[in-house]
Each structure stands twice: as C-alpha cells, then as structure tokens.
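The values are calculated or read from the model by the stated rules, or taken from the named source; none is laboratory data. On a predicted model such as this, the values are computed, not experimentally measured, just so you know. FYI the Cβ positions are ideal-geometry reconstructions off the backbone, even for glycines, and counts take in every protein chain you see.
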Amino acid sequence: MLQQVEEMNTDVAEQYRITQEPFYRVTGAEEALYQAAYARRMPVMLKGPTGCGKSRFVEYMAWKLQRPLITVACNEDMTASDLVGRFLLDKDGTKWQDGPLTTAARIGAICYLDEVVEARQDTTVVIHPLTDHRRALPLDKKGELIEAHPDFQLVISYNPGYQSLMKDLKQSTKQRFGALDFDYPEADMEAEIVARETGVDADVAQKLVQVAHRTRNLKGHGLDEGISTRLLVYAGQMIAEGVDPQAACLMTMVTPLTDDPDMRQTLQAAVETFFVN
Ligand SMILES: Nc1ncnc2c1ncn2[C@@H]1O[C@H](COP(=O)(O)OP(=O)(O)OP(=O)(O)O)[C@@H](O)[C@H]1O
Ligand SMILES: [Mg+2]
C-alpha cells in the first residue's frame, strides 16, 4: 500500500518537473541565498514589481534543484478548499481530490503561490502549519493530517505598492518567510536579457531599456508603475517580427501602461527620442 502511494507520487511529480533549463540571468546574490534557504526548507517570499523576473527565477531554481514546481495564481475568490482540496461527487459517491498545495506537500514539490496578497486572509492562513516547525497540513474535511515531504518548500510572490491596507498579508503570515527583493535588472543586464529573449540586436535592446528607464522615473508622477522587463521583451518580439519600432513600442510599451492622453504623449515622445523614423 505504502509502496503504491509512493509510486503514484513519483508519477505525479514527473508531471511537474521542469526538464529544460529556463533562461534566467542571475542579477545578484539571489541564487546563492535561495539555495541556502532551500537547504533548510525555509519558506521564501519574492517581492518586486510586475514583470521583473520573479516567476522566471522560481522556474530556474526548481530546475536547478531538480524539484517539481506547482504554481498557483491566487485571486480574491480563492478559498482554502481551492488550495487544500475538496470532496467531489461522482457516480460512485464522493471522492476526495487534493488541491495543489496538498499535492505539493505530498510529492515534495516547490509550491509557488503567485500574487498571494490577492487571496483573502482566511485563505492564506491554511499555509501557516506548513510554514513553521510543524510542516504539516491538516485536511479538516477529510480528517487527515499530512506531513510535508522532506523536499517540500513554499514560495510566495508579492508586489509591494499596489495593494491597499485591506490587502496586505498579516504579520503572522509575513513572519514565516525569508524574503528577497527583486527589481528590474541593471541596464546592461536588462538589455542582454531582452536581446537573448527576443533576438533583437544589442543596440535595439539598449534603446528599449533606455525608454523603460524614462518611464520608471515617472512612477508616482502619473504612472503607477514603469515599463517592466516583460513589456520590453514584448517590444523586442514585435521588432524581431519586422514591425516598425515606433509602432512596436506604442503597442507594447505605451498603450498598455496608461489611458491618460498627456501621459501617452510623454511616453510616445520618449520612444521617438530613441527610435527615429
Ligand atoms: N533575470 C532575468 N533573466 C531572464 N529573463 C528575465 C529576467 N528578468 C525578467 N526576465 C524576462 O521578463 C519576463 C517577465 O518575468 P516574470 O514573468 O518572471 O515576472 P514576474 O516578476 O513574475 O511578474 P508578475 O509579478 O507580474 O508575475 C520573463 O518572461 C523574461 O522574459
Ligand atoms: Mg509572476
């Protein structure tokens, strides 16, 4: 019986394994720090603006550590059952179905809860017993207590700045994690990432990064957030497809960011400074 369960868990783990090395440019000490945290199975929180490489980093670390990765995009309608599991009705009666957190705890995966502040606080507390010395997950409805697999680790991401006070993590949740600050990579590195991800040449990549820097300075002065690395990658992809650079930048770096006509004009002017028709 026990052997059967172990075999089943191995099959499930295979589904979540990352087989190809994801491209991730290490920008500082994050890799070494994460490895040390993982060695002690410390829960880790990744903080940083949208599109700066948090998810890519987790994929890369899961590949590096050869752990399966289970990612959950959190939202405010999510309930504890969505994470933990529930009884489902089928023709033979009711059947328990593990949620992603339970699966990760059973198979020894890295469980990545993306945008965790979006979840309600009563949902978030289900991670508490998994993220302290207990490393256990009680399935109350099923009357089972799961002890986390020795390789299991929990990682959450968090965009500081957007959320209102209503949407913050409780201190008792925050203080269960070691945290790493993420930000857009330094200019040369970011250009290298954009070139590598899209195939545009170094000169174009540098220009895109310079436009982004202008907009990042406008954060808090009419923009909630500057252009992210993700949007730079989109711009590079359009240019690599043969789209005129100004049109590519308009579609990927101006229009998504703001609806304010004056701000759009400012952004457009920044694009035209670097990409002359
Ligand atoms: N250090 C990096 N190495 C390689 N690619 C990167 C790096 N940083 C950013 N990128 C690129 O930026 C894109 C967006 O990064 P990612 O999806 O990891 O952002 P994120 O921080 O998870 O954002 P969100 O908070 O919105 O989920 C990636 O798909 C990748 O192309
Ligand atoms: Mg992400």
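If you go through region 246-269 one residue at a time, do you hit one that is touching a Cys at 6+ places or on another chain (Cβ under 9 Å) and part of a helix (DSSP H, G or I)?
yes
Just to be sure I understand the filter: pairs with C-beta atoms under 7 Å, separated by 6 or more residues or on different chains, first member in region 241-260 and in the same structural domain as residue 207 (by TED's automatic domain parsing), second member in a loop (DSSP other than H, G, I, E, B) and modelled with pLDDT of 95 or more. Which pairs pass?
Sorted first by the residue in region 241-260, then by its partner, the pairs are 245/275; 246/275; 249/275; 253/227; 257/227.
Restricting to region 204-231, what's the tally of residues that are part of a loop (DSSP other than H, G, I, E, B) and surrounded by fewer than 24 Cβ atoms within 10 Å (Cβ to Cβ)?
9
Pull up region 101-121, narrow it to residues that are under 18 Å from residue 13 (Cα atoms), in contact with a helix residue (DSSP H, G or I) (Cβ under 7 Å, 6 or more places away or on another chain) and in a strand (DSSP E or B), then point me to the one that is nearest to ligand 2 (Cβ to nearest atom).
112
Testing residue 167 on (1) of a type outside the set (Gly, Ala, Ser); (2) more than 16 Å from ligand 2 (Cβ to nearest atom); (3) loosely packed, with under 13 Cβ neighbours inside 10 Å, one condition comes back false. Which one is that?
With respect to (1) of a type outside the set (Gly, Ala, Ser); (2) more than 16 Å from ligand 2 (Cβ to nearest atom); (3) loosely packed, with under 13 Cβ neighbours inside 10 Å, residue 167 is out only on (3).
Kindly indicate whether residue 50 is within 20 Å of residue 185 (Cβ to Cβ) and either within 13 Å of ligand 2 (Cβ to nearest atom) or at pLDDT below 95 (or both).
Here the answer is yes, as residue 50 does meet what is asked.
Take residue 30 and tell me if it is surrounded by fewer than 13 Cβ atoms within 10 Å (Cβ to Cβ), within 25 Å of residue 195 (Cα to Cα) and at pLDDT 95 or above.
Criteria not met by residue 30.
In region 37-56, what count of residues is obtained for those that are in a loop (DSSP other than H, G, I, E, B) and within 13 Å of residue 183 (Cα to Cα)?
6
Filter region 61-81 down to residues that are in contact with a Gly (Cβ under 9 Å, 6 or more places away or on another chain) and either surrounded by fewer than 18 Cβ atoms within 10 Å (Cβ to Cβ) or more than 30 Å from residue 24 (Cα to Cα) (or both), then give me how many there are.
2
Hey, can you tell me all the residues within region 10-27 that are assigned to a helix (DSSP H, G or I) and either loosely packed, with under 15 Cβ neighbours inside 10 Å or at positive phi (or both)?
10, 11, 14, 15
Suppose we filter region 55-77 for residues that are out of contact with any Asp or Glu (no Cβ under 8 Å at 6 or more places or on another chain) and within 16 Å of ligand 1 (Cβ to nearest atom); how many remain?
Adding up the residues that qualify gives 5.
Among the residues of region 190-212, which ones are within 16 Å of residue 272 (Cα to Cα) and either within 15 Å of ligand 1 (Cβ to nearest atom) or of a type in the set (Asp, Glu) (or both)?
Selection gives 203, 205, 208, 209, 212.
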